[in-house]
Amino acid sequence: MDELSPRQQNVLDAIVGTIRDQGRFPSVREIGKALGIRSPATISQHLRALLRKGCLERSGRHYVVADRFRRAVSDGIPVLGRVAAGPPVDTAADVEEWLEMDGLTGGRDRGTFAVKVLGDSMVEAGILEGDYVLVNPREEAFNGSIVVASLGSQHEVTVKYFHRKPEGVELRPANPLYEPIEVPRGDEDFYLAGRVVGLVRRF
């Protein structure tokens, strides 16, 4: 890795500190505020330099810290977008932020990821809008388990109770205001992203 300038090191330290303290990558504005830099363009220039020098990586439209820094910060869980607790929504599987592992349960298996919940169809299961559900793609789904599933040709994603039926799969909400989603057997656009194994709520 190329040597960092003092200012680039300050920017990297601000990023790592935010990830350690808040479990997420800071915004350009937040980095500037922490370092007393008013120009977003200047911060963006430093971010590009850190990318070029291997301290940062690109994940879709977002920056993430390189693996060696990520492991040093925390054994975190990647947040891969948003999932509907309501009608399905389209979501991109880009890492948006990282959740700290300290004090979390159900997320230590390799491959576990998190998604942020939108909507209120799972309120009676204790899953509220703004919560993060932890998803293990290796856990087998059984009748009555809560899953994250992808539906349709646009890969819309939703969180629901899973029930297997002779004619296919039924995804049931935990709110009487919503109807179950019926998935016919052999639907090539349906797949399970994984079983929900935990929940994180920020205050």
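Between a residue in segment 45-66 that is surrounded by 19 or more Cβ atoms within 10 Å (Cβ to Cβ) and in a loop (DSSP other than H, G, I, E, B) and any residue that is at pLDDT 85 or above and not aromatic (Phe, Trp, Tyr), which pairs come within a Cβ distance under 6 Å, given they are 6 or more apart or on different chains?
Filtered contacts from segment 45-66: Cys55/Leu12.
For every residue, the table says whether it meets (1) over 12 Å from Tyr63 (Cβ atoms); (2) touching a Pro at 6+ places or on another chain (Cβ under 9 Å).
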residue	(1), (2)
Gln9	yes, no
Ile19	no, yes
Pro26	no, no
Arg29	yes, yes
Leu35	yes, no
Ser39	yes, no
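Name the residues in segment 143-162 that are in contact (Cβ under 8 Å) with a residue 24 or more places away in the chain and part of a loop (DSSP other than H, G, I, E, B), would you?
Hits for segment 143-162 are Ser145, Gly152, Ser153, Gln154, His155.
Tell me which of these Ala141 doesn't satisfy, since it passes every other one: (1) closer than 19 Å to Val79 by Cβ; (2) over 14 Å from the mean Cα position of the chain (by Cα).
The single condition Ala141 does not satisfy is (1).
From (1) hydroxyl-bearing (Ser, Thr, Tyr); (2) farther than 21 Å from His62 by Cβ; (3) modelled with pLDDT of 85 or more, pick out the condition that doesn't hold for Tyr132.
(2)
The values are calculated or read from the model by the stated rules, or taken from the named source; none is laboratory data. Just so it is clear, the model here is predicted, and its values are computed rather than measured. All Cβ positions, glycine included, derive from the backbone under ideal geometry; neighbour counts span all protein chains shown.
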